1. What's the local net charge at R205, with K and R +1, D and E -1, over the other residues with C-beta under 11 Å away?
2. Any idea what the relative contact order of the chain is, in percent, if you count C-alpha pairs under 8 Å spaced at least 6 apart?
3. Could you provide, to the nearest whole Å², the per residue accessible area of the chain with probe 1.4 Å?
4. Suppose every K and R has +1 on its Cβ and every D and E has -1 on its Cβ; what is the size of the dipole of region 154-307 about the Cα centre, in Debye to the nearest 20?
5. Work out the length of the dipole vector of the chain about its Cα centre, built from +1 on the beta-carbon of each Lys and Arg and -1 on the beta-carbon of each Asp and Glu, and round it to the nearest 20 debye.
6. For the chain, find the longest principal axis of its Cα atoms and tell me its angle to the long axis of helix 208-217, 0 to 90°, nearest 10.
7. By how many nm would the segment from I48 to S90 lengthen if fully extended, with 0.36 nm per residue of separation less the alpha-carbon distance?
8. Rounded to the nearest 500 deg cm²/dmol, what is the calculated helix-only ellipticity per residue at 222 nm for the chain, with -39500 (n - 2.57) per DSSP H run of length n ≥ 4?
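The values are calculated or read from the model by the stated rules, or taken from the named source; none is laboratory data. Here the structure is a predicted model, which is why all the values come from computation and not from measurement. So basically every Cβ, Gly included, is an ideal-geometry build from the backbone, and we count neighbours across all protein chains shown. All accessible areas refer to the heavy atoms of the entire protein, side chains included, with ligands and DNA or RNA removed. Shrake-Rupley method; radii C 1.70, N 1.55, O 1.52, S 1.80 Å.
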Amino acid sequence: MSLESYMNQIGQQARVSSRLLAKASTQQKNMALFAMADALGDARPRLIEANSKDMEEGRAKGLDAALLDRLLLNDARIDNMIEGLKQVASLPDPIGEVSGMVYLPSGIQRGQMRVPLGVVGIIYESRPNVTIDAASLCLKSGNATILRGGSEAFHSNQAIAEAVCKGLEVAGLPADAVQVLNTTDREAVGKIITMPEYVDVIVPRGGKGLIERISKDARVPVIKHLDGNCHVYIDDEADFDKAFKIVINAKTRRYGVCNAMESMLVHKSVADDILPKLVAAFEEKGVELVGCELSQSISSSIGVATEEDWYTEYHAPKLSIKIVVDMDEAITHINKYGSHHTDAIVSQNYSKTRAFMTEVDSSSVMVNASTSFADGFEYGFGAEIGISTDKIHARGPVGLLGLTSQKYIVLGDGHTRDN
């Protein structure tokens, strides 16, 4: 079968399945999710074996440490996938929810009903856990999904797909409700993003190059974020112990994730006290530091930051540091150089934290907490299908509600319009 025929078949199957899923009961969908969790647990040796092949091939291809970390499946990550499925099953089902019902002067009632988007196409790199996250959220929100993982995770994704299919079968739902493409042909990506007759929305997860290409070429609406250039601002009224723990965690918990801190801003009046201790801690963890002239005058360990550094998502043990005169300068810096993903303030001053939350134009804004919390699982969504820095429809970690829309419903009793 040609790629063109294969992709059309996938699209047709997804469209048919989306109609069936839209009317599936909450009980059916939850049954499928719990069955998927059981199937993943039973398939643990198979998953680790398949992932070992991907890891071996990845090393042979010279994938860097950050990509290999994203690719890895171990017992703990499989446990997280299983727990994510159970969390999604425990969440309220948004489909069919009616809101805003009001009587109008004509006598009719008008309201809105929450409905699935239809067919969601997801294109992603490296992380095999995205396969299960996407499958679970799309299923619970009544959407069929077409998944195209990166070639580096091909074996892992196929093994996960087998467990997903078993879960769907147990619940009596169509196996084509979740389809993981069985080809690594890059042309499949070009096809999936230009099939508006079959696909209702595209969610790309991966590097900036992939997302820019998809956003440019897609004929289907895209939910996306290009960069995760996250900031933490340490205010002059910060609790230093809290600030120390937050920034170390935000940067060093994992380097290759989109919610890692890439720039640290420090109020000028406290920089002499706190910065040397932070520099020593970052150096101990092998983090390369670059910064503004003032930060360099405080520590000789800090190199020169270029204009490009302020815009850069490193995905690596590297951090840019800027000393600011006040919170307003910090906010201006974040809104200019940031990617509108996740930014945080450490301060004990309520008025300042409220102003920071209001004025920073990002999809997640945090007070006295690590940027690492910008994650669907941590937000209580069970999982996430991605993080959106767009301002239309969905913003921030995209969970169940982000995968739904609303339609107007009108209730009458023989009402007709006279004018």
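1. Values: positive: R70, R127, R148, K224; negative: E125, D133, E384.
Summing Lys and Arg as +1 and Asp and Glu as -1 gives +1.
2. 19
3. Details: 18280 Å² over 419 residues.
Averaged over the residues of the chain, the accessible area is 44 Å².
4. Values: 17 positive and 23 negative charges, 91 e Å.
Magnitude of the dipole: close to 440 debye.
5. Its charge dipole is roughly 1280 debye.
6. The two axes meet at around 40 degrees.
7. 12.4 nm
8. Values: 15 runs with 184 residues, N = 419.
The per-residue figure over the chain is -13500 deg cm²/dmol.
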